[in-house]
Amino acid sequence: MKKAMNQSTLTTLLNGVSICALLLMMAALFAYSNVSQRLETAHENRYELTYNANRFMNGSAYLTNEVRAFAATGIKEHYDNYFNEVNNLKNRDQGVAAMQKIGITSEEQAMIDSMYALSNQLVPLEEQAMEQVQAGQQSTAISYVYGTEYSAAIAKINLIKEQFLDALSSRTLQEVESLSRIANVIRVVMVLALVVVGVLQAFSMRVIRKRILHPVIAVRDQMGEISQGNLSAQFQWEPDSSEIGMLVASIHETKQELKKYINEIDSTLAQMARGNMDLRISTDFRGEFLPIQSALRQILDSLNEALFHIHQTAQEVSDESQRVAAGSQTLSDGAVQQASTVEELFAGIQDISGQVERTSGDADQARKFSVEAGEQLRLCSQKMGTLTSAIADISESSQKISGITKAIEDISFQTNILALNASVEAARAGAAGKGFAVVADEVQRLASKSAESAKDITNLIAASVQLVQYGTSLSEETTQALSEVVASAQQSADLVGQIAESAQTQSQSLRQLTEGMERISGVVQTNAATAEESASSAEELRRQAEKLKLSVQRFRLRQ
């Protein structure tokens, strides 16, 4: 396995350098902030020092100008301004105090002291000049403030002022420029650190993509192929000493181990399918595959033991089936002879049973006919009774009809009278009652016809009543005769029924005997068939035992 830097080490190294660069950039940023503050302070100090130096110098020049103005003009205002500056404003003292507070060098302090000394030398001259002005001797005062001594001191003071301002400006400018150079250097360092961080991040992304992401994607795809059972898929990554390389080595080893296990299982099962049970599991399975190895060994052991016992059992079954086949054949021959004898006996009983069955059937048929004849006679008797009742109803209705015809005759008589009255009234009416007279004539003729019809109906009903009475007497006699015939038919039916019951009893007894013989014959036939089937089954069992023995013998078992 080739050597390679670990991805974690490389990532840690790149991240460490990036973090260092970031820390450097943060330190530079902090330093730049500090230098910026110092530079701003330096600019402020330079301005303040220059302002206060000018304030100090302007204060001295203001005193000189006010003294000279007072000496030349004698105006009291210049005198007051002078002492206001000396006693109240004190610009010189405040300017020096402000510069000392900000910070000045010893050389600058010496210059200030020199200017103070020269100014102090001029104070007596200025006081004498102001006293001379107050005394009215302005010319003397002017000689004091414009004299050689005073002018020489002023010249020295101005020279020192210029030297002080130059030294102060040079020093503060140098400090500002120094801080500016430091700030520029820090800015360059910050830019370089930022560039280094960017380059490192780009390089880190490239390294991660090339040495981590691409291998991880390839490992993911390969594991997907393995999960689908495809162990022959190409895997181009080579193992090395890095983490990804060791993962690649594990995948290669996993594929080799799985192929080895599958080849072992496939070879073992193929030989088992060909009947070779004399096998040993030579490959050492590992981890979660140990139960598979143990299961294969148990299967081989169980199959060897089971097939060995099956072989022994098949031999025993073959021997026993031969003996069973011989006994079954003997039993089959005896059962066939017994079935033949029972069949002949059953045929004789069946003939007798058939004759008795026919006799019983004839008797039963006669009984049925007698019962039906008696039933018909009873029905006739019932019908005659119904006919007698109907004739009585007809006679009663005829009586009612006679009453109705009487009513019709009365109605016809009344109608005839009404028609006569109508004719009389029509005759009285004359020509106006001619139409009504015609109607009255028609009504009279209709009443006459109704009366004649009522008489005819009365005659017919009288004849019908006589015939009905005669029919009633005949139906009563017929009903009585039929009752006697029904009684005789019932006695005949009872006798025929007794004969039929006796024949049925005999037929039932023979039927039970026939059924018993039939069951015996069926049992004998079943026994014979069973014996034959047993003999056939025993022979088939013997053949199957031989086949089983031959089938088991094709397996090569362990000794």
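The values are calculated or read from the model by the stated rules, or taken from the named source; none is laboratory data. Note that the structure is a prediction, hence the values are computed from the model and not measured. Ideal geometry is used to build each Cβ from the backbone, glycine not excepted, and the neighbour counts take in all protein chains shown. The accessibility values were calculated without ligands, DNA or RNA, using every heavy atom of the protein model including side chains. Shrake-Rupley method; radii C 1.70, N 1.55, O 1.52, S 1.80 Å.
Couple of notes before you dig in:
- Residue that is farthest from ASP351 (Cα to Cα) [pool: residues in region 527-543 that are open to solvent by 80 Å² or more (accessible area, probe 1.4 Å) and at pLDDT 70 or above]: ARG543
- Which numbered condition GLY16 misses (of (1) within 60 Å of the chain's Cα centre (by Cα); (2) open to solvent by 50 Å² or more (accessible area, probe 1.4 Å)): (2)
- Boolean, GLN234 is exposed (fewer than 12 other Cβ atoms within 10 Å of the Cβ), free of Cβ contacts under 8 Å to residues at least 60 places away in the same chain and more than 22 Å from LEU10 (Cβ to Cβ): yes
- Taking region 237-267 as the range and being more than 30 Å from THR9 (Cβ to Cβ) and either among the charged types (D, E, K, R) or at pLDDT 75 or above (or both) as the test, the residues that pass are LEU258, LYS259, LYS260, ILE262, ASN263, GLU264, ILE265, ASP266, SER267.
- You will find that of GLY74, GLY95, the residue that is crowded, with 19+ Cβ neighbours inside 10 Å and modelled with pLDDT of 90 or more is GLY95 and no other.
- Residue check, ALA129 over 60 Å from the mean Cα position of the chain (by Cα) and surrounded by fewer than 16 Cβ atoms within 10 Å (Cβ to Cβ): no
- Helices (runs of 4 or more DSSP H) completely within region 72-146 that count 3 or more residues being in contact (Cβ under 8 Å) with a residue 24 or more places away in the chain: 91-102, 106-134, 138-145
- Leading residue by the ranking (most open to solvent (accessible area, probe 1.4 Å)) among those in region 268-288 that are part of a helix (DSSP H, G or I) and either within 18 Å of GLN256 (Cβ to Cβ) or aliphatic (A, V, I, L, M) (or both): GLU288
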